[in-house]
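Engineer: Encoded as structure tokens, here's the structure I'll be asking about.
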Amino acid sequence: MPANRKLGRTTAHRNAMLRGMVTLLLENGQVQTTVTRAKEVRSIAEKMITLGKKNTLASYRAALSYITKEDVAKKLFDEIAPKYANRNGGYTQILKIGVRRGDAAEMAIVRLIDEDTASAE
């Protein structure tokens with residue numbers, strides 16, 4: 001099995017789409033998409049949060065090279081990553097919400113796990 005899903009796009013288009021979706025997820029806390037895209041976004045978003053937990057200049061620059069908005073990268077390091085300081089992975093969850101009306105693609109919501117939800121589990 002390949003390391004990542006191709007999602008029916010060229011490499012450049014796929015990378016641009018995933019960068020935008022990860023940025024949107026970190027900015028808003030959740031994003032609605034198809035299940036296969038959600039699984040790819042989850043993988044990358046968790047890596048970005050792990051970079052944020054390191055909190056070094058090198059990790060900030062690495063995150064900034066992937067995240068498309070500078071203020072979202074700052075939010076990642078100042079707000080999001082410290083929230084998960086005591087958690088080793090599993091920062092996101094995928095909630096399936098049914099099928100899309102137009103083409104019956106299975107849809108899902110990827111969201112960051114809340115701090116109160118994280119402590120309850």
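Engineer: May I ask you to list pairs of residues, at least six apart or on different chains, whose Cβ atoms are under 6 Å apart, with the first in the stretch 92-114 being farther than 19 Å from residue 25 by Cβ and free of Cβ contacts under 8 Å to residues at least 24 places away in the same chain and the second being in a strand (DSSP E or B) and among the acidic types (Asp, Glu)?
Structural biologist: Final answer for the pair search is 99/106.
To keep it simple, each residue is scored yes or no on (1) under 16 Å from the mean Cα position of the chain (by Cα); (2) hydrophobic (A, V, I, L, M, F, W, C); (3) surrounded by 17 or more Cβ atoms within 10 Å (Cβ to Cβ); (4) within 14 Å of residue 113 (Cβ to Cβ).
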{"position": "33", "(1), (2), (3), (4)": "yes, no, yes, no"}
{"position": "40", "(1), (2), (3), (4)": "yes, no, yes, no"}
{"position": "77", "(1), (2), (3), (4)": "yes, yes, yes, no"}
{"position": "88", "(1), (2), (3), (4)": "yes, no, no, yes"}
{"position": "95", "(1), (2), (3), (4)": "yes, yes, no, yes"}
{"position": "100", "(1), (2), (3), (4)": "no, no, no, no"}
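Engineer: Restricting attention to the stretch 1-60, report how many residues are within 25 Å of residue 85 (Cβ to Cβ), β-branched (Val, Ile, Thr) and part of a loop (DSSP other than H, G, I, E, B).
Structural biologist: 1
Engineer: Now, a different point. For a quick check of your reading of the model, give me the residue pairs whose first member lies in the stretch 60-74 and is farther than 19 Å from residue 12 by Cβ, whose second is polar (S, T, N, Q) and in a helix (DSSP H, G or I), with beta-carbon atoms closer than 7 Å and at least 6 apart or on different chains.
Structural biologist: Here the result reads 69/23; 72/23, each pair linking the stretch 60-74 to a residue that is polar (S, T, N, Q) and in a helix (DSSP H, G or I).
Values in this text are rule-based calculations from the coordinates and carry no lab data. In this text the structure is predicted, and so the values were computed from the model without any measurement. No Cβ is skipped: glycine too gets one built from the backbone with ideal geometry, and neighbour counts run over all protein chains shown.
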